[in-house]
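Novice: Input: one structure, supplied below.
None of the figures in this text is laboratory data; all of them are computed from the coordinates on show. These numbers were taken from a predicted model, which means no experiment stands behind them. Every residue, glycine among them, receives a Cβ derived from its backbone with ideal geometry; neighbour counts consider all protein chains shown.
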Amino acid sequence: MNSTTLLALAGIGGTLFGAVVGAAGTLGSARITSRAQTGAEEQRARRQAYSACATAFLARRDAVAALLDVFRSDDFDAAAVRARLQEVDEQRDAVARAVGAVAIEGPHDVAHGAEWAAKTLELLAGRLRDWTAEVAGGRDRDDLLRSQLQFAVRYQADTERMIDRFTAVCRRVLHPAESDGIPRGRLRRLLRRY
């Protein structure tokens, strides 16, 4: 074999090697782009699920608080209680759908937080539902408040805590570089001062 043939074979081999390396690079780049796109889509889906769930919690929390306010009001109105209770009960399905979406999106800590927030909210709504039935059955509202208001207030505080925990866990998942709302770099600088 002469030197021209060897040089031609080396050129062909180099071209083939370059083509293989280029194709591998293109495939690797496509795989990285695909992963990044999948990650962005997953982040977007989580953000939507978490946002819908938090919105459902806050709407039902406000409706439950308004119902409790009607019970506590000096000008108690049984018709207003029934209307507020119907609003609270109508929101149960929205909360359940939102919690279900969060349970699917995960991770476990967020799903668990959503479930507990929904349970504490339902406990408070259930207590007020029972109050409505008792007052409709003839129980004195003032007597009911004297004996039961402390429990409703405690459930209301528990509900607030659980919703706050849920939103905090959501923020940690969606914004892992932050710690309690402060970007980690800034937090470290603040801590160095002290």
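Novice: Could you compute how fast the stretch 58-125 diffuses translationally, taking Rh as the Kirkwood radius over C-alpha pairs and applying Stokes-Einstein at 37 °C with viscosity 0.692 mPa s? Give it in µm² per second.
Specialist: The estimated diffusion coefficient comes to 255 µm²/s.
Novice: In addition: Determine, for each peptide in 75-83, 90-98, the mean count of other beta carbons within 10 angstrom over its residues, then list the peptides with the highest first.
Specialist: Descending mean neighbour count gives 90-98, 75-83.
Novice: What's the ranking of 136-142, 44-50 by average number of surrounding C-beta atoms within 10 Å, highest first?
Specialist: 44-50, 136-142
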